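For reference, the structure discussed in these notes is given below.
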Amino acid sequence: MNFLKDQKKEIKVKKRKKYFPRLFMTFRAVFLFLIIICFLFFNYQPSQAIDPIQENISISVTVEETAPPTPPPPSGGGGGTTIPSKYATVIFKGKAYPGAFVTILKNGTVASTVTADPLANFSVVLSGVPAGIWTFGVWAEDKEGRKSLTLNFNASLTRGTTTTFSGIFLPPTIDLSANKIPRGEVLNIYGYTAPKSEVNVFINSSGEILKKTKADDDGGWLYAFDTSIIEKGRHTTRSKALSAKGEISIFSQSLAFDVLPEGTAVCCGADINCDGKVNLIDFSIMLYWWEAREIKHPCVDINFDGKVNLIDFSIMLYHWTE
Ligand SMILES: [Ca+2]
Ligand SMILES: [Ca+2]
């Protein structure tokens, strides 16, 4: 009897030994499954959540057969035949700035110019373009004379077709109220884009700072940047626009500026010693640093281009007071 009991116990123990690993495996599988579900859930981001300003721009390109010209009416009973065009047509449609002067380049030379309308829209048709591979460029100048970067397109054109580049959105123009500014003062960063666009202003410091502003009805935009949040030294800024219709521009030019120690005297332009006059005293200071390799005077380089030369002298002459 005892022998039978011992056998039953042994069988139970064996069953337990088989049962527990299986249970453990099941729990482990369920646990892993739950972890995967949680991971997918918390890491899933719907496409709408992606910041469009970080996405690449997208310009639509369509190619259609150019409609042949209307054949002349048949004369004397002869049948007219339609001859396909030997050339290609290229159309550029997009946004620049209100009243901007838009230039189209074809292999680096000016092919056409047009003025954008008050809503910043422009449309240019280049007809009679020989078939082949071409590089087209588009750039614009805002109403205050600032130029945009050039957007380039490569196109392989086939005779008798019309290629349309639409959704072009030129980058904003950008300017600064100062190239050198004491830390803590406000630096105005401004320019033009399409009206009511969102302008993302990037300041590249030790890290990248992103500020947002909105263009007005005239396309003008401005961000008053508080320089107390960045360190002394050289920084750069550039901007990117998102139009009211969702088009994204490429980045504007990158402009550099220097943040000086707090309380640094601000220079007075051509009046190098800041005495209210532009005269021989200023000129003598300029002569001392003329074309010097290292300029230690804070204000003698009037246009802050790192050189003291004829450009600074011409600025001084323009402001000469006596
Ligand atoms: Ca002076
Ligand atoms: Ca200079």
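What dipole magnitude, in Debye to the nearest 20, does segment 267-322 give about its Cα centre under +1 on Lys/Arg Cβ and -1 on Asp/Glu Cβ? Walk me through the intermediate numbers first.
Values: 4 positive and 9 negative charges, 20 e Å.
Dipole of segment 267-322, to the nearest 20 debye: 100 debye.
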Problem set entry | Members of 106/214; 240/277; 180/245; 147/245; 180/212; 147/277 lying beyond 29 Å, as alpha-carbon distances in this model show | 106/214; 240/277; 180/245; 147/277
Exercise. In segment 239-322, which trypsin sites (Lys or Arg not before Pro) fall in coil by DSSP and have 10 or fewer other Cβ atoms within 10 Å?
Worked result: 293, 296
For this session: Just grab the label-to-label distance for residue 177 and residue 310, each label 7 Å out from Cα along the Cβ direction, in nm (one decimal).
Result: 3.5
Problem set entry | Proximal aspartates and glutamates relative to residue 86, as straight alpha-carbon distance under 20 Å, when same-chain residues fewer than 8 apart are discounted | 64, 65
Problem set entry | Within segment 89-178, trypsin sites (Lys or Arg not before Pro) in DSSP loop having at most 15 other beta-carbon neighbours inside 10 Å | 159
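All of the numbers you see were taken from the coordinates with simple rules; none came from a lab. Predicted, not measured: the structure shown is a model, and the values here were computed from it. Note: ideal-geometry Cβ built from the backbone for every residue, glycine included; neighbour counts use all protein chains shown.
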